[in-house]
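Inspection log for the structure reproduced underneath, given as structure tokens.
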Amino acid sequence: MRFLAIGECMAEFAPTSAPNEYSLGFAGDTFNTAWYLARMWPDIAVSYFTAVGDDAISGQMCETFSASGIDHRHVQRLPGRTVGLYMITLDKGERSFSYWRGQSAARHLADDPAALNAAIEAADLIYFSGITLAILDAPARENLLNALQAARAGGHTVAFDPNLRPRLWSDPAQMTDAIMRGAAVSDIALPSFEDEAQWFQDANPEATAERYAAAGASTIVVKNGGDPVFFRQGQDCGSYPVPGLSGVVDTTAAGDSFNAAILAGIKGDIPLRDSVEQACQLAGQVVQGKGALVPVAPFPTGR
């Protein structure tokens, strides 16, 4: 499988065990999923599509891509730009973020349709998120949605995590409209029920899955924190109870790593329920470490 993630990778300041001390890394929702795919399933060819600047930290980010086993040949280098930055604050394992992304080159990742199409054409499975849509201006967002629609029509598989972040949008209506347009070009939807209930007034995870199915997705997996995961593939539905965890350290990238396992399983023709079980196991490991990218061992062959 050739996997392509599209989005923004940022410089990350994550708290260490020492008070008021932070470590520098690189992370971002779609990049985190790509990183876990490359680490856990090395037989998958993983690529990342974004834009970075021409400064030193942009170069360090690209070096991180290479060191992580992620192909960055399609990453654009934009003169005078840099990468966005965020800082994590933890409170009993739950995280909050402060962002600085005004000069982020990734906001221009879809300005060039030719570059975008070249990256997409080289992939079998293309993955993007609501954050990918949110950081783009209107013309670039149209470029991306049009490219994904054409890719899907041409036989590529498109996967989407809505990842609703209202602070990135001018108003809730713009956000919900864009999210459902993203769903309409996707085969696979990976929403989180808490966000969907708040912004779409879904009564339960089943209602969330039904809405994404009506938009055109054939496979939907609804994450729901510590409550059971609801999944739907065609007309087949089911749920999986999330194993209990103790000593959660940091929930950063729990959903991103979960998505990686789901996508690996779907493209590996693993039954969806088994993929959900594997995804819960991986996310359970990730929340035991700090920061977005937690060292985890690859699953045994055949998982």
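The values are calculated or read from the model by the stated rules, or taken from the named source; none is laboratory data. Because the structure is a prediction, the values reported are computed rather than measured. Neighbour counts run over all protein chains shown; Cβ positions are idealised from the backbone, glycine included.
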Condition test on LEU133, is it of a type in the set (A, V, I, L, M, F, W, C), buried (at least 21 other Cβ atoms within 10 Å of the Cβ) and part of a helix (DSSP H, G or I)? yes
May I ask you to list the residues in segment 14-60 that are under 27 Å from ARG165 (Cα atoms) and of a type in the set (Phe, Trp, Tyr)? TYR22, PHE26, PHE31, TRP35, TYR36, TYR48, PHE49
Matching residues, segment 148-181, being closer than 28 Å to ILE266 by Cα and among the basic types (Lys, Arg): ARG152, ARG165, ARG181
Hits in segment 159-174 - residues which are surrounded by fewer than 21 Cβ atoms within 10 Å (Cβ to Cβ) and not polar (S, T, N, Q): ARG165, PRO166, ARG167, LEU168, TRP169, ASP171, PRO172, ALA173
Residue check for PHE230: in contact (Cβ under 8 Å) with a residue 12 or more places away in the chain, in contact with a helix residue (DSSP H, G or I) (Cβ under 8 Å, 6 or more places away or on another chain) and under 25 Å from SER96 (Cα atoms): no
Tell me, which residue of segment 1-29 that is closer than 16 Å to ILE126 by Cα and surrounded by fewer than 22 Cβ atoms within 10 Å (Cβ to Cβ) is modelled with the highest pLDDT? ARG2
Looking at segment 71-82, I want the residues that are of a type in the set (Gly, Ala, Ser) and have a partner that is part of a loop (DSSP other than H, G, I, E, B) with Cβ atoms under 8 Å, at least 6 apart or on another chain. Which pairs are those? GLY80/GLY53; GLY80/ASP54
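Here is a list: VAL75, VAL83, VAL52. Which entry is closer than 22 Å to HIS156 by Cβ and aliphatic (A, V, I, L, M)? Give the derivation first.
On the way: VAL83 fails: closer than 22 Å to HIS156 by Cβ; VAL52 fails: closer than 22 Å to HIS156 by Cβ.
Just one listed residue meets the conditions, VAL75.
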Quick check on GLY84: is it surrounded by 18 or more Cβ atoms within 10 Å (Cβ to Cβ) and modelled with pLDDT of 95 or more? yes
If you take the residues in segment 90-114 that are among the basic types (Lys, Arg) and in contact (Cβ under 8 Å) with a residue 24 or more places away in the chain, which one is nearest to TYR22 (Cα to Cα)? ARG95
Could you grab me the full set of residues in segment 139-180 that are under 16 Å from the mean Cα position of the chain (by Cα) and basic (Lys, Arg)? ARG165
Log entry, pairs with first residue in segment 118-147 being more than 23 Å from ASN32 (Cβ to Cβ), second being modelled with pLDDT of 95 or more, beta carbons closer than 6 Å, six or more apart or on different chains, reads ASN143/ALA110; ASN143/PRO113
